[in-house]
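S.K.: Quick one: structure below, then a few questions.
Please treat every number below as a calculation from the coordinates, not as lab data. In this text, all values refer to a predicted model and were calculated from it rather than measured experimentally. Neighbour counts run over all protein chains shown; Cβ positions are idealised from the backbone, glycine included.
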Number of protein chains: 2
Amino acid sequence: MSGCSIAVVGATGAVGRVFLRILEERRFPADRIRLCGRRSVGTALTVNDRRIIVEEVTPELFDDVDFVFISATTEVSRQIGPLAARKGALVIDDSSAFRMDADVPLVVPEVNADDLCGHRGIVSIPNCSTTPLAMFLNPLNRLNPVRRVIVDTYQSVSGTGAAAVDEMMSQSRNVLDGLPVEPDVYPHRIAFNALPHVDDFGVNGYSTEEMKMARETRKILHEPDLAISATCVRIPVAVGHSEAVHVELTRPMSPEEVRDALAASPGVTVVDDPQGAVYPMPIHAEGKDDVFVGRIRRDLSHPNGITAWLVSDNLRKGAGLNAIQIAEEVLSRGLLKTPGRRTQL
Amino acid sequence: MSGCSIAVVGATGAVGRVFLRILEERRFPADRIRLCGRRSVGTALTVNDRRIIVEEVTPELFDDVDFVFISATTEVSRQIGPLAARKGALVIDDSSAFRMDADVPLVVPEVNADDLCGHRGIVSIPNCSTTPLAMFLNPLNRLNPVRRVIVDTYQSVSGTGAAAVDEMMSQSRNVLDGLPVEPDVYPHRIAFNALPHVDDFGVNGYSTEEMKMARETRKILHEPDLAISATCVRIPVAVGHSEAVHVELTRPMSPEEVRDALAASPGVTVVDDPQGAVYPMPIHAEGKDDVFVGRIRRDLSHPNGITAWLVSDNLRKGAGLNAIQIAEEVLSRGLLKTPGRRTQL
């Protein structure tokens, strides 16, 4: 595979740093790498044994770049994404800016890689809570259509960013030392607490994160009418989002059938021996690529119900890994610069 | 109200210590207080300005005692409970030993105080996750029968006991200092982690705690056929159990109606302005008596659905407070020594 040229926007953030590590691990064929940041401009990072200085984002940056990976704020994505796409790059964006746009594929490669074929220069990756849910639901949905999903999350602070991890750690130390705690990133103390608050709230009482989980899952699964209700909660964990999921299927399905379907699904690992204290946990999922599923059981409250517990590394499969997998898929399918896209730009 | 004589078994445990504080706060009319422990025998506690030495449990202890409050292990309750009841005491038990026995009332005073009338010397208090759920469901169920409940918990370590709080704190310090962590109370690290594991697991894949939430809620609400599915998860919080609840009612109900019903319900406080970052949290519920409910919204996945988030102090309403409220109810109704009970013993 011939090398390509990439730009990484948000290179020094929580996702950006993991992204660069995964780039190295997977030997992604990037000959030229440019790193961009805001507060970190001028600092140096080492990628593939090369020292790279973090630059400011300028329009010229995207001249002759194949992929632009953006993991910054939604505002940054909105400013940079269309610009980079117009210059001929394929933008792989980690924000919610374009996810629900009809002409932007929202892709989990193991689930809907074919959606990449219609791209017009921007591909979005789903929210870090949506991706593991979609990977769990997809194999079940193919065998036994999913009717309704209830999901409650246990989300780590790294989903908010590196500053939130620092805040949790420093607050924890203060609590242990009996010192006062001043919330900054979050509206309340996160150390030794639980916040049912991820992103802003809408008039229907759901948070934006909760609505993302519903809308994005429907788009990825091509199930526009799927009933989903989520409660998203931040808990004091550094890395790894957990989810308690309750699914209503069209027909009854045994836990064994569910385990078999999941075990045969790429990117999913079944970890399910609760009597042996074996189940997915954030501390085990951190640094791993797969979505881990356990506590699989018949939902006693519904004849066609299945209940499970899933955990994945929100910085990897929930963000950086998924972005790189999309780029790999684009390269292997020869979709980087399609004639269709050229005519669109 | 004339004073009575009480014995507290498990006086120095996590629940016991809070229990004694509540006893003082509420000026419970206990003239004579005997405290029992196991490892703490010989140590002294101060209750109502009196210094009381912790004794070993002996059969003689229960001679001429009106109430025996037990908060120890299920084994201790099984050994002591029937003995104390035979001696004429009313046992108020915090363990799961007798909860599902047909002749043992399982009581949340705000919900089913009338069940106390049939007591035969032992009254159980529900599991600390069940009590807040029952207090949330009861006012809704009276207006609009509840058909199905899905609940996922975010439980604090004090529910396991004082040693678990110490373990979480010392593990947290080790993680912050980059030192290794040795799990002891829990099978895995609890600091900065989430364990979908509360109590043992049964063959149906549910944990005992999850099954308790279903069975006990049905008994308290007198709804033997209510469909309930729970996932119980331990998170690194010291005090305060949180629950994400999804309810299917018989008819649609607006969030406003739900708020009104809850606000009119004793022991429940509605804390619900998410856009103002106002919702129940463990750090606010700790040390408080009420069950706090917020994030009340229509469940978008079901026409008759309501979703909410509730938090309560598992040591107070979940344990010690509920026990004392039962004793107060027994005294005010003159149920301490009923003729019916006397003939049974």
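S.K.: Any chance you could check the Cα centroid distance between region B:182-201 and region B:264-325 for me, in angstrom?
M.R.: Value for the Cα centre distance between the two parts: 25 Å.
S.K.: Tally the DSSP beta bridges in region A:130-314 and give the antiparallel ones as a percent, rounded to 5.
M.R.: Working: 24 of 33 bridges.
If we restrict to bridges inside region A:130-314, about 75 percent are antiparallel.
S.K.: Next up: Which whole number in µm²/s is D for region B:48-124 by Stokes-Einstein, with the Kirkwood Rh taken over Cα pairs at 10 °C and 1.306 mPa s?
M.R.: Details: Rh = 13.2 Å.
D = 121 µm²/s.
S.K.: Related question: Over region B:180-250, with a single point scatterer placed on each C-alpha, what log10 of the ratio I(q)/I(0) does the Debye formula yield at q = 0.11, 0.19 1/Å?
M.R.: Log-scaled intensity ratios, in q order: -0.36, -0.89.
S.K.: At 7 angstrom along the Cα-to-beta-carbon line, where would the label on B:GLU56 sit relative to the other copies? Give the distances in nm, shortest first.
M.R.: Taking the point 7 Å beyond Cα along Cα→Cβ, the inter-copy spacings are 7.9 nm.
S.K.: Can you sort A:VAL165, B:VAL198 from fewest to most other Cβ atoms within 10 Å of each residue's own Cβ?
M.R.: Details: A:VAL165 20, B:VAL198 25.
With the sparsest Cβ surroundings first, the list reads A:VAL165, B:VAL198.
S.K.: Turning to a different aspect of this structure: Antiparallel DSSP bridges in the protein assembly as shown: what percent, to the nearest 5?
M.R.: Counting DSSP beta bridges with both partners in the protein assembly as shown, the antiparallel share is about 50 percent.
S.K.: Using a label point 7 Å beyond Cα on the Cα-Cβ vector, give me the inter-copy distances for A:PRO224 in nanometres, one decimal, shortest first.
M.R.: List, nearest first: 4.8 nm.
S.K.: According to the square roots a ≥ b ≥ c of the eigenvalues of the Cα gyration tensor, what is the shape class of region B:130-314, taking rounded for a/c under 1.5, prolate for a/b larger than b/c otherwise, and oblate for the remainder?
M.R.: Values: a/c = 2.30, a/b = 1.61, b/c = 1.43.
Prolate is the answer for region B:130-314, as a/c is 1.5 or above and a/b outweighs b/c.
S.K.: Just need the relative contact order of region A:130-314 here, percent rounded to a whole number, with Cα pairs under 8 Å and 6+ apart.
M.R.: The normalised contact order for region A:130-314 reaches 28 percent.
S.K.: Next up: So for chain B, averaging the separation of alpha carbon pairs under 8 Å that are six or more residues apart and normalising by length, what relative contact order in percent results?
M.R.: Relative contact order of chain B: 19 percent.
S.K.: Consider all pairwise Cα distances in chain A and report the whole-number % of them above 27 Å.
M.R.: 46
S.K.: Follow-up. If you add up the charges near B:LYS212, with Lys and Arg at +1 and Asp and Glu at -1, over every other residue whose beta carbon is less than 10 angstrom from its beta carbon, what do you get?
M.R.: For residues surrounding B:LYS212, the net value is -2.
S.K.: What are the semi-axes of the equivalent ellipsoid of region B:255-345, taken as the square roots of 5 times the eigenvalues of the Cα gyration tensor, listed largest first and rounded to whole Å?
M.R.: Over the Cα atoms of region B:255-345, the ellipsoid semi-axes are 35, 17, 11 Å.
S.K.: Now for a separate question. Expressed as a rounded percentage, what relative contact order does region B:198-247 have, with Cα pairs under 8 Å and six or more residues apart?
M.R.: Relative contact order, region B:198-247: 30 percent.
S.K.: Also, quick follow-up: Order these by the 10 Å Cβ neighbour count, fewest first: B:ILE53, A:ILE150.
M.R.: On the way: B:ILE53 12, A:ILE150 27.
Placing the least packed residue first, the sequence is B:ILE53, A:ILE150.
S.K.: Moving on to the next point. Mind putting a number on the dipole of region B:27-83 about its Cα centre? Charges go on the C-beta only, +1 for Lys and Arg and -1 for Asp and Glu, and I need it in Debye to the nearest 20. Present the calculation step by step, with values, prior to reporting the outcome.
M.R.: On the way: 8 positive and 9 negative charges, 60 e Å.
Approximately 280 debye in magnitude.
S.K.: For region B:79-152, report the translational diffusion coefficient in µm²/s to the nearest whole number, using Stokes-Einstein at 10 °C, 1.306 mPa s, and a Kirkwood Rh over Cα pairs.
M.R.: Numbers: Rh = 13.5 Å.
My calculation gives 118 µm²/s for D.
S.K.: What are the DSSP H helices in chain A that stretch 15 Å or more along their long axis, judged by alpha-carbon atoms, and whose average Kyte-Doolittle hydropathy comes to at least 0.5?
M.R.: The qualifying helices are A:14-25, A:321-332.
S.K.: Further, regarding this structure: Compute the FRET efficiency between B:ILE53 and A:ALA163 as 1/(1 + (r/R0)^6), taking r as their Cβ-Cβ distance and R0 = 56 Å, and round to the nearest 0.05.
M.R.: Efficiency for this residue pair is about 0.60.
S.K.: To continue, here is another question. What FRET efficiency comes out for A:ARG32 versus A:GLN79 if R0 is 22 angstrom and r is the Cβ-Cβ distance? Round to the nearest 0.05.
M.R.: 0.45
S.K.: About the Cα centre, and with charges only on the beta carbon of Lys, Arg (+1) and Asp, Glu (-1), how big is the dipole of region B:259-311? Nearest 20 debye, please.
M.R.: Details: 5 positive and 7 negative charges, 38 e Å.
Result for region B:259-311 is approximately 180 debye, rounded to the nearest 20.
S.K.: Per residue, what volume in Å³ does the convex hull of the Cα atoms of region B:210-267 enclose?
M.R.: Once divided by residue count, the hull of region B:210-267 is 132 Å³.
S.K.: Starting from the eigenvalues of the Cα gyration tensor, five times each then square-rooted, give me the equivalent ellipsoid semi-axes of region B:239-282, largest first, whole Å.
M.R.: For region B:239-282, the semi-axes come out at 20, 13, 13 Å.
S.K.: What is the ratio of the Cα radius of gyration of the protein assembly as shown to 2.2 N^0.38 Å, with N the residue count, to two decimals? Don't skip to the end; give the middle numbers.
M.R.: On the way: Rg = 27.5 Å, N = 690, 2.2 N^0.38 = 26.4 Å.
Cα-based Rg divided by the globular estimate yields 1.04.
S.K.: Can you show me the helix-derived [θ] at 222 nm for chain B, built from DSSP H runs with n ≥ 4 at -39,500 (n - 2.57) apiece and divided by the number of residues, rounded to the nearest 500.
M.R.: My calculation for chain B gives -9000 deg cm²/dmol from helical runs alone.
S.K.: A further question on this structure: Please give the Cα centre distance for region B:87-145 versus region B:1-71, rounded to the nearest Å.
M.R.: With region B:87-145 and region B:1-71 each reduced to a Cα centre, they are spaced 22 Å.
S.K.: By count of other Cβ within 10 Å, fewest leading, how are B:LEU133, A:LEU143, B:LEU140, B:LEU195 ordered?
M.R.: Starting with the residue having the fewest Cβ neighbours, the order is A:LEU143, B:LEU140, B:LEU195, B:LEU133.
S.K.: Now a separate question. Sorted from largest down, give the three principal axis spans of the alpha carbons of region B:136-241, whole angstrom values.
M.R.: Here the spans come out as 53, 30, 19 Å, largest first.
S.K.: Checking a compactness column here: for region A:117-187, what do you get for Rg(Cα) / (2.2 N^0.38 Å), N being the number of residues?
M.R.: Dividing the Cα radius of gyration by 2.2 N^0.38 Å gives 1.70.
S.K.: Could you compute the net charge surrounding A:ALA191? Neighbours are other residues with a C-beta less than 14 Å from the C-beta of A:ALA191; K and R count +1, D and E count -1. Don't skip to the end; give the middle numbers.
M.R.: Numbers: positive: A:ARG173, A:ARG189, A:ARG234, B:ARG173; negative: A:ASP166, A:GLU167, A:ASP177, A:GLU182, A:ASP184, B:GLU286.
After counting each charged neighbour, the total is -2.
S.K.: Charges on Cβ only, +1 for Lys and Arg, -1 for Asp and Glu, centred on the Cα centroid of chain B; of B:SER5, B:ILE22, B:GLY267, which one is farthest towards the dipole's positive end?
M.R.: Toward the positive end, the furthest listed residue is B:SER5.
S.K.: With a Förster radius of 60 Å, plug the Cβ-Cβ distance of A:LEU336 and B:ARG86 into 1/(1 + (r/R0)^6) and report the FRET value to the nearest 0.05. Don't skip to the answer; put the middle values down first.
M.R.: Values: r = 82 Å, r/R0 = 1.36.
About 0.15, to the nearest 0.05.
S.K.: On to the next question. Please state, rounded to one decimal and in Å, the Kirkwood hydrodynamic radius that region B:1-59 gives when every pair of distinct Cα atoms enters the mean of 1/r. Show your work: numbers first, answer last.
M.R.: Working: mean 1/r = 0.0866 Å⁻¹.
That comes to 11.6 Å for region B:1-59.
S.K.: Suppose every Lys and Arg Cβ carries +1 and every Asp and Glu Cβ carries -1, with no other charges. What dipole size does region B:130-314 come out with about its Cα centre, to the nearest 20 debye?
M.R.: Details: 16 positive and 25 negative charges, 113 e Å.
Once rounded to the nearest 20, the dipole reads 540 debye.
S.K.: Along the Cα-to-C-beta direction of B:ALA277, a point sits 7 Å from the Cα; which residues of region A:59-100 have their amide N less than 16 Å from that point?
M.R.: Within reach of a label on B:ALA277: no residues.
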